[in-house]
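K.L.:
If you scroll down you'll find the structure; I have some questions about it.
All of the numbers you see were taken from the coordinates with simple rules; none came from a lab. Everything numeric in this text was worked out from a predicted model, so none of it was measured.
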Amino acid sequence: MCGGSYVGRGMRHGAWRRHGGGEFLGHDVEKLSPGARISAALSVLVPVGLSGVFLVAFVPGLWWIFTTYFWVAFPAFGLLTSGIAGLSEDRPVRVSEEERERELLEAIRDSGEISAAAAAARTSLTVAEADRRLRELVENGHLEVRTRGGAIFYALWGNGRETGRIEGST
């Protein structure tokens, strides 16, 4: 023991590693799923709550000791609320097949003609899925195919925005 501290000698454990970091119980909070956040928070809050109840029940004169537990409980409460809030954010929105087709047809109607990539950008479809659905609509006679500059566009039949055709031709 020569008077030096562990912190001064480069101790890099726990809270000393990153000041102000988002760690809780040795885990990076931002990387935890909402369920893991809730579990970690409850693993701290339940024992703190139970010990407080037992302290007040068996030694009521020392109730004030329970107030020292709050330094542990406050971060756990924050972690619990962020976990509960994250539960609703992580749920993917499910779009029905009919809604996907409606999105695709509305995108075609709004733009006049559309490519598979543009359809994917304007709807919840992937490019491959948009291409497959557009081809199905063409095969069933609902859309017409237009080519311009080597690109394939899909449009509703009889749409007045025919940019790829020569005016006056039949």
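K.L.:
Please give the contour-minus-distance gain from residue 126 to residue 31: 0.36 nm per residue of separation, less the Cα-Cα distance, rounded to one decimal in nm.
P.N.:
Values: separation 95, 0.36 × 95 = 34.20 nm, distance 2.69 nm.
Contour length minus Cα-Cα distance gives 31.5 nm.
K.L.:
Which residues' amide hydrogens lie under 5 Å from the amide hydrogen of residue 115, considering only partners 5 or more residues apart or on another chain, with H built in the peptide plane?
P.N.:
Residues meeting the criterion, in which the H sits 1.01 Å from N, are 154.
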